[in-house]
Amino acid sequence: TAPGKGMSIYGNAVSFSGAANTIVRYVRFRMGKIGDSGKDTVAIANGHDIIFDNVSLSWGRDGTFDLNQESGAELYNITLQDSIVAQGLQTHSTGGLINTTGTSIIRSLYIDNNSRNPKARGTLQFVNNVIYNWVTSGYILGDTSGRSDGAMLGNYFITGPETNGGTLDSPTSAYNLYAVDNWYDSNKDGTLNGRLLGKGDYGSVTWWTTPSVEYPTVPALSAAAALQYVINNAGVSHQRDEADEYVFNELKSYGKKGKTISDETSLGITNVVGNFPGASAPKDTDRDGMPDVW
């Protein structure tokens, strides 16, 4: 129902708290400097059964994609897939906190966030994602005495020009981790030539050779294949806007380009968020909002 270049929601935070049985596809959420201070681009405190598919999230003033289960509430069955979490604004630039009873993040890109790519608490399944140009911390393994469970499969961590902090940060024995085929490219030489992360790279987590809890079945690509999939498909991929093209240009430099920002206007993008030309709506004979091609 948004033909042409599609939709970009710009200028303030968006909350999905209280949502259930909800699917969000092919929408860009960009908060930015003009939004209320201290807010997340997209946040959820309670809800369940929510899928974000091929969305692009950027320019958060606090978190960019922040799922933090509030006391006494439920937050579970959340999926972020084939999406982008980018350019949280300095001085508090983060991908976001994931603190839920059950979330899956699949085939997505975290890029140009100072830290929390993401900060993983509760139960998180993290499969075939790409993390690029974090500054102080990449993926945070709980950083809490409360029990958390994680499954990390086929992810690729690639340092960028600003990366000077740890890749897998703040582990504790309370973090129960199952991890397979995660890779790390640290030399910033413009070529993808990383190494397989070993058990020792995850620090003081409690190590599991099988998942510590039951996760949904997700077919996993190799980390290298996942990287190419993300480049081809993540975000509003059928009509990428200038903001997403900007970060993919950085990613494909494999360490040569990349920076965090404090003001989205510094990117030099037309109209700050780009141009969004319209187009004729696809044929919808029964007028139910779903094009005939479905």
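Things worth noting here:
- If you look at the Cα atoms of the stretch 107-226, you get an Rg and a Dmax of 13.3, 39 Å.
- Calculated on C-alpha atoms, the gyration radius of the chain divided by its Kirkwood radius gives an Rg/Rh of 0.96.
- In this Cβ point-charge picture (+1 for Lys and Arg, -1 for Asp and Glu), the chain has a dipole of about 480 debye about its Cα centre.
- Rh (Kirkwood; distinct C-alpha pairs) - the stretch 205-294, Å: 17.7 Å
- Using alpha-carbon coordinates, inclination of helix 223-233 to the longest axis of the chain, degrees: 10 degrees
- Once the 1.4 Å probe is applied to the protein heavy atoms, the stretch 105-204 comes out at 30 Å² accessible per residue.
- q = 0.15 Å⁻¹, the stretch 94-175: log10 I(q)/I(0) [Debye, one scatterer per Cα]: -0.45
- Whole-Hz ³J(HN,Hα) from phi, Karplus 6.51 cos²θ - 1.76 cosθ + 1.60, for the stretch 279-293, glycine and proline x: 6, 5, 5, x, 4, 9, 4, 8, 6, 9, x, 10, x, 4, 4
- Each Lys and Arg adds +1 at its Cβ and each Asp and Glu adds -1 at its Cβ; summed about the Cα centre, the stretch 186-291 shows a dipole of about 520 debye.
- Rounded to whole Hz, the Karplus (6.51, -1.76, 1.60) HN-Hα couplings of the stretch 92-105, x for glycine and proline: 10, 9, 9, x, x, 8, 10, 10, 9, 6, x, 9, 10, 10
- Only protein atoms count toward the accessible area here, which uses a 1.4 Å probe; on the chain, the carbon and sulfur part of that area reaches 48 percent.
- Rounded to whole Å, sorted largest first: equivalent-ellipsoid semi-axes of the stretch 253-294, Cα gyration tensor: 38, 15, 9
- In the stretch 1-95, the trypsin sites (Lys or Arg not before Pro) that fall in loop regions by DSSP, at most 16 other Cβ within 10 Å: K33
- Relative to the compact-globule estimate of 2.2 N^0.38 Å, the Cα radius of gyration of the stretch 135-294 comes out at 1.32.
- The stretch 1-150 - Rg over Rh from alpha carbon coordinates, Kirkwood radius: 0.94
- Shown in residue order for the stretch 30-40 are the 3J(HN,Hα) couplings computed by the Karplus curve 6.51 cos²θ - 1.76 cosθ + 1.60 at θ = phi - 60°: 10, 7, x, 5, 7, x, 4, 4, x, 9, 8 Hz (x for Gly and Pro).
- Given K119/K252; K39/K256; K39/K259, the pairs whose alpha carbons are separated by over 23 Å: K119/K252; K39/K256
The values are calculated or read from the model by the stated rules, or taken from the named source; none is laboratory data. Everything numeric in this text was worked out from a predicted model, so none of it was measured. In this analysis, Cβ positions are derived from the backbone assuming ideal geometry, glycine residues included, and neighbour counts consider all displayed protein chains. Side chains included, ligands, DNA and RNA excluded: accessible areas come from the protein's heavy atoms. Shrake-Rupley method; radii C 1.70, N 1.55, O 1.52, S 1.80 Å.
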